[in-house]
1. Over 25 Å from the mean Cα position of the chain (by Cα), crowded, with 16+ Cβ neighbours inside 10 Å and more than 27 Å from B:D278 (Cβ to Cβ): does that describe B:F209?
2. Among the numbered criteria (1) under 23 Å from B:R292 (Cβ atoms); (2) under 18 Å from the mean Cα position of the chain (by Cα), which single criterion is violated by B:G164?
3. Could you list all residues from region B:11-47 that are in contact with a helix residue (DSSP H, G or I) (Cβ under 6 Å, 6 or more places away or on another chain), within 14 Å of chain A (Cβ to nearest Cβ) and not in a helix (DSSP H, G or I)?
4. Cβ-Cβ distance below 6 Å, separation of 6 or more or different chains: which pairs start in region B:236-257 with a residue that is over 12 Å from B:D288 (Cβ atoms) and end on one that is of a type in the set (K, R)?
5. Within region B:1-10, restricting attention to residues that are buried (at least 17 other Cβ atoms within 10 Å of the Cβ) and not charged (D, E, K, R), which residue is nearest to the other protein chains (Cβ to nearest Cβ)?
6. Please state which one of A:E44, A:E49 is surrounded by fewer than 19 Cβ atoms within 10 Å (Cβ to Cβ), within 13 Å of chain B (Cβ to nearest Cβ) and of a type in the set (D, E, K, R).
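Coordinate-derived values only; no laboratory data. If you're wondering where the values come from, they're calculated on a predicted model, not measured in any experiment. Reconstructed Cβ throughout: ideal geometry from the backbone, glycine too, with neighbour counts over all protein chains shown.
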Amino acid sequence: MDGEKNRFVHDLRNPLNTISINAELGKLTLERTGDIRKAISIFETILTECQQCSQVLETLHNTRFTRALDSSSEGGET
Amino acid sequence: MADVLLVDDDKRFLDATVQLLGLLGHSVTAADSVAQARELISKNVYTHMILDLILPDGSGLHLLEALPTPNTTKITLITGHPSVKSIVKNLYGSNIGYLIKPIDLQQLESLFEEKKLAFAKSESSIKLHFGYLVGESAPMRHLYEMIERVAATKANVMLLGESGVGKEMVAAAIHYASQVEGDYVAANCGAFSRELINSELFGHEKGAFTGATHRKIGVFEQANKGTLFLDEITEMPIDLQPNLLRVLETQKVTRLGATTSVDIEGRVVSATNRTEQDMAVQGCLREDLYFRLAVFPIHIPPLRARKEDIPLLVQHFLAGFNQEYNGAIGINDESMKRLIDYDWPGNVRELRHAIHRAYIMADQQQKVLVLPENLTSPFSKVAHQSQAGIRVGKTVEEVERELIESTLEHFDGDKKQAADILGISLKTLYNRLNSYGNVEL
């Protein structure tokens, strides 16, 4: 069960990380270069990653793993 | 600007971070596996390495072992959870930074700002050969070739060279170049007491002798499948040398008090500051042991035979001290010339000591090293003087001549003072000097 939980945490953390880095990149790109095309493609990456997160949450919802997570003391961790 | 190696298998994260660091003005190389990163490390020098802990072909931590030591690369681990920090700290020391996911710009920037000053100053461009050795002179090139050749074999090596030439560094370099699975273990045969030498080398079982309260693993076993460095091998008592010989011949170690032996393999690198001739004449090493240990003898050149390496060594030591003290001290041409001109009887060790001292005395306004008036080390004088003096076999004339010359040297050539001290007339002194053929003295 622990392995499954770890994988779930990992699967969420990685897209979140990519979102974070891309958001920073988008900000910096607009501030420094004003390259709007570039910025748009960066936002698209962010949106794709958001969908990825959403999918992970969806599979979680559909598995018995939710119950295990509920009973776990670290259940609230993202 | 930093030279960054970024290792992560998440391609989207890798792409974005490369661009982000690029916008911040750093030069970034990306790798998505341990193997790729390992290859890059072997060919390039990076100021920073940012690593994912878990990669498809292994742990990012393996790369830390692949880095040459000592190195100035700032290591940062990307981790999902801060708890990794304490584990890694125990394993690899505290000199490692962390990026906690999700990573934001502030975290990334702090990585470079924190050390920006220190790096601008301490970054050493001096190439380290086999992770330890500095120098590009012909004698050193020859040494590197010898190391490379012997690293490919299992032969035992004996390092010969004056005190301070860096025998332990060469031993560590041989271990590094050999890429063996076992550890590098160094032991100084001159430092063990006579009673304990066998137990240090071969280990003992609990209760083997009074005071043996627990089992001890000797250095031979510790260095199994690795490299055992035995420094000052010629200082080992001659009657204890057969024990060492037996272990080398049988490749088996029996701990004191044990009934069974343990198989060992690995390379023994021994070292001495005596010459081969000295060893033979003075009989401080058994001949049979010499042939076991010196399958491949390597002579390490004294510093005065590779003076062109002095600037490189000085820069290397300076970079080290600058990093240690977080300073930005340099050296002017005049000081460098003095360092190159000096003879360095204590070799690289003496040079390092001189730089350390000059670093402490450095002119903080000008940011340059301040060398002492006189570079001569007290020990080089002692060594010189010990050659003089009375020894059986010297003629009275020789002793007298040495006495007169040393006295004159002491008074900077003042013959009147020398004659007074020696209790002879000035005329006698001149007569003696005339007979030596150096009236100019």
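1. no
2. (1)
3. If the condition is that a residue be in contact with a helix residue (DSSP H, G or I) (Cβ under 6 Å, 6 or more places away or on another chain), within 14 Å of chain A (Cβ to nearest Cβ) and not in a helix (DSSP H, G or I), then B:V28, B:A30 are the ones that fit.
4. B:P237/B:R194
5. So, considering only residues that are buried (at least 17 other Cβ atoms within 10 Å of the Cβ) and not charged (D, E, K, R), the one nearest to the other protein chains (Cβ to nearest Cβ) is B:L6.
6. Among A:E44, A:E49, only A:E44 is surrounded by fewer than 19 Cβ atoms within 10 Å (Cβ to Cβ), within 13 Å of chain B (Cβ to nearest Cβ) and of a type in the set (D, E, K, R).
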